[in-house]
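K.L.:
Quick one: the structure is below, and I'll ask about it shortly.
Values quoted throughout were computed directly from the atomic coordinates according to the rules given, and no laboratory measurement underlies them. Quantities reported herein were computed from a predicted structural model and do not represent experimental measurements. Every residue, glycine as well, gets a Cβ built from its backbone with ideal geometry; the counts of neighbours run over all protein chains shown.
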Amino acid sequence: MDRATGSPCLSRWPPPVVAAMLLALAAFGPAAPAATETATAEVGATIYGNYCAACHGDGLRNTTGGATFDLRRLRPEDRERFVTAVLNGKNQMPPWRNALDMKQIEAIWSYLRATVDR
Ligand code: HEC
């Protein structure tokens, strides 16, 4: 009877594989919201740089003296106003409805909040 060596269940998944699976679970588990928020803000910073900075200023520093809206004036409760203005545009501000999706617009908002509310 030499079939009794080792448990078939454990030998199917070598310990390093099991450890990797647990790590992957931990990374996406509820323990990581802070890291996710930072990542979103960083994505938003890049999108802002590509689409908005030309008019609204590098790094949100608006130097147009009021020709364009200073986005740092938006308060946390102005999220609706922000999303609506970005989707639909306003006067000289072009609409972004067909250029950006909601995730990208939310990312810009995260970047704005992460920069202003510190
Ligand atoms: C071509 C220049 C230009 C670009 C590019 C631009 N904006 Fe604007 N934006 C403006 C101007 C001008 C206004 C002021 C509109 C007004 O009140 O007449 C404005 C206003 C706004 C407002 C305030 C609207 C309000 O409620 O009063 C928001 C929010 C905004 N822009 C967000 C963005 C975001 C986000 C981007 C990048 C996706 C962007 N803008 C890109 C020119 C621009």
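K.L.:
Looking at (1) out of contact with any Asp or Glu (no Cβ under 9 Å at 6 or more places or on another chain); (2) part of a helix (DSSP H, G or I); (3) away from the ligand (no atom under 11 Å from the Cβ), which is the only condition Ser110 fails?
P.N.:
So Ser110 meets the others, but not (1).
K.L.:
Residue check, Pro95 against (1) more than 6 Å from the ligand (Cβ to nearest atom); (2) in a helix (DSSP H, G or I), all met but one. Which one?
P.N.:
It is condition (2) that Pro95 fails.
K.L.:
Right, next: Do the conditions hold for Phe82, that is, is it over 16 Å from Asn50 (Cβ atoms), near the ligand (Cβ under 6 Å from one of its atoms), hydrophobic (A, V, I, L, M, F, W, C) and in contact with a strand residue (DSSP E or B) (Cβ under 8 Å, 6 or more places away or on another chain)? Walk me through it before giving the result.
P.N.:
Working: over 16 Å from Asn50 (Cβ atoms): yes; near the ligand (Cβ under 6 Å from one of its atoms): yes; hydrophobic (A, V, I, L, M, F, W, C): yes; in contact with a strand residue (DSSP E or B) (Cβ under 8 Å, 6 or more places away or on another chain): no.
Spelling it out, it is not the case that Phe82 is over 16 Å from Asn50 (Cβ atoms), near the ligand (Cβ under 6 Å from one of its atoms), hydrophobic (A, V, I, L, M, F, W, C) and in contact with a strand residue (DSSP E or B) (Cβ under 8 Å, 6 or more places away or on another chain).
K.L.:
Can you tell me which condition Glu80 does not meet? The list is (1) surrounded by 15 or more Cβ atoms within 10 Å (Cβ to Cβ); (2) without any contact (Cβ under 8 Å) to a residue 12 or more places away in the chain, and all the others hold.
P.N.:
(1)
K.L.:
Condition (residue is within 8 Å of the ligand (Cβ to nearest atom) and outside any helix (DSSP H, G or I)) applied to the range 44-60: is it met by at least one residue?
P.N.:
yes
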